[in-house]
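Below is one structure; the comments refer to it alone.
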Amino acid sequence: MTDATDEQPGHQPVLRVVKGDLTPEELAALVAVVAARNAAAAHAAARTRPQIRSQWGHPARMARAPHRFGPDQWRRSAFGG
C-alpha cells in the first residue's frame with residue numbers, strides 16, 4: 001500500500017493490509033470483492049424501501065359528497081362540489 005508519508009492529514013484509508021504482502025493483482029481482486037459486496041448491499045437496501053401506494057382504490061374515495069340542491073347543481077355534481 002502507501003507509506004504514512006503519502007497519506008493526507010485527516011484522511012483514513014478505506015482498506016489497510018496489516019499482514020502479508022499482496023501483489024497488485026491480489027489487491028485489485030480484494031477491492032473488487034469489497035466494492036461488489038457494498039453495491040449489492042446498497043441495491044438490497046434500495047429495494048426494501050416502502051413504495052408509495054396509489055390512493056386511487058382507497059376506500060375513502062368511494063364515499064361521495066352529499067347531493068346539493070340548487071340552480072345548475074346537476075352540472076357541478078360531476079366536479080365533486
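Here are some notes:
- Two-site FRET efficiency, Ala40 against Arg61, from Cβ-Cβ distance with R₀ of 30 Å, rounded to 0.05: 0.15
- Theoretical FRET efficiency, 1/(1+(r/R0)^6), r = Cβ-Cβ of Glu25 and Thr48, R0 35 Å, to 0.05: 0.50
- Each peptide in 51-63, 33-45 receives the mean, over its residues, of other Cβ atoms within 10 Å, and ordering these scores from highest gives 33-45, 51-63.
Every read-out reported here was derived from the displayed coordinates using simple, explicitly stated rules and does not represent laboratory data. Quantities reported herein were computed from a predicted structural model and do not represent experimental measurements. Cβ sites come from the backbone with ideal geometry, for glycine too, and all protein chains shown count toward neighbours.
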